[in-house]
Amino acid sequence: MQLQNSFIAASGVGEKTEQKLWKQGVTHWDDFEEDLLGPKTGRNVREFIDAARDRLDAGDADFFGQNLPSGSLWRAYDNFADSVCFFDIETTGLDSTRHDVTTVSLHRGGDTRTYVQGEDLSASALREEFAESSMLVSFNGKRFDQPFLEDSFGLDVTTPHLDLMYTCKQIGLSGGLKTIEREIGIDRADDDVDGREAVRLWHRYDRNEDDAALDRLVKYNREDTENLRTLLEHVHESLRADVFEPHLP
């Protein structure tokens, strides 16, 4: 499902109105005629489509992040897939006022980059990464990863952010990331590392210069981000089947 199939971002359009349009065969912006709806709503949809075409051509994901309902940002994925940034952080604890970010991994355009504390992890590096990204995708990142980075590095992250923890719940998937991965058949190379072990691995590296421990931590962090892409593609396909396809003529 792409943004061009969506009308719910227009003022005055809710799920029922959008579904009504789909059932009438209006499944793309190109199909829309103002007289299909009341005068005010029809005009709102036309104005939205005109603006949205321009913003989409300009690669402006912020426009759709601001106008789509929070639970519908997944619809923008297909349009911006090449510049979507899947990200995950590892820390020494849960409190950003007392604990540190140890590694940050970002997966975008098929490539994964990991920044490490004391080496190349910095506010400027993160700002540049986020500035080059149309959307951010995380798991529980709105409550943890993003605010932790903002507090730790003085960032103000405004890039549209899709948190898969909430999107998964829309298709009945709940629990932690690894639980959901197992449920949909995503395998990990090293299933013994979790959040607590990640902290221990960092301390082994930081205190004992154990490079093997850092390597294992980085692999775990990178796998988190790369698996997010697989998870989003699974969720996107399921939501398309649930939200869009049942209302096609």
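The values are calculated or read from the model by the stated rules, or taken from the named source; none is laboratory data. Quick caveat, the model's predicted, so the values are computed rather than measured. Counting neighbours? That spans all protein chains shown, and the Cβs are built from the backbone with ideal geometry, glycine included. Keep in mind that these areas ignore ligands, DNA and RNA; they rest on the heavy atoms of the full protein, side chains included. Shrake-Rupley method; radii C 1.70, N 1.55, O 1.52, S 1.80 Å.
Here are some notes:
- Filter pass, S138 being modelled with pLDDT under 95 and under 30 Å from F7 (Cβ atoms): no
- Qualifying helices (runs of 4 or more DSSP H) (wholly inside segment 1-86; at least 2 residues being open to solvent by less than 50 Å² (accessible area, probe 1.4 Å) and free of Cβ contacts under 8 Å to residues at least 60 places away in the same chain): 15-23, 39-57
- Residue that is most open to solvent (accessible area, probe 1.4 Å), among those in segment 103-116 that are small (G, A, S) and touching an Asp or Glu at 6+ places or on another chain (Cβ under 6 Å): G109
- Residue pairs meeting the criteria (Cβ under 7 Å; at least 6 apart or on separate chains; first without any contact (Cβ under 8 Å) to a residue 12 or more places away in the chain, in segment 96-107; second buried (at least 16 other Cβ atoms within 10 Å of the Cβ) and assigned to a strand (DSSP E or B)): H99/T91
- When residues in segment 38-72 are screened for being in contact with a Leu (Cβ under 8 Å, 6 or more places away or on another chain) and under 11 Å from A10 (Cβ atoms), 3 of them pass.
- Members of segment 66-100 found to be of a type in the set (D, E, K, R) and under 17 Å from N227 (Cβ atoms), listed by number: D88, E90
- Criterion: open to solvent by less than 80 Å² (accessible area, probe 1.4 Å), in contact with a Cys (Cβ under 8 Å, 6 or more places away or on another chain) and at pLDDT 95 or above - qualifying residue of L164, L231, L173: L231
- Search result, residues across segment 183-223 that are farther than 24 Å from N140 by Cα and surrounded by 15 or more Cβ atoms within 10 Å (Cβ to Cβ): R204, Y205, D206, D210, A213
- Checked against (1) crowded, with 18+ Cβ neighbours inside 10 Å; (2) more than 30 Å from T17 (Cβ to Cβ), V243 meets all criteria but (2).
- Long-range neighbours under 8 Å by Cβ, at least six apart or interchain, first residue closer than 16 Å to E237 by Cα and of a type in the set (A, V, I, L, M, F, W, C) within segment 170-196, second open to solvent by 40 Å² or more (accessible area, probe 1.4 Å) and assigned to a loop (DSSP other than H, G, I, E, B): I180/S174
- Restricting segment 117-160 to residues that are part of a loop (DSSP other than H, G, I, E, B) and hydrophobic (A, V, I, L, M, F, W, C), the residue that is surrounded by the most Cβ atoms within 10 Å (Cβ to Cβ) is F139.
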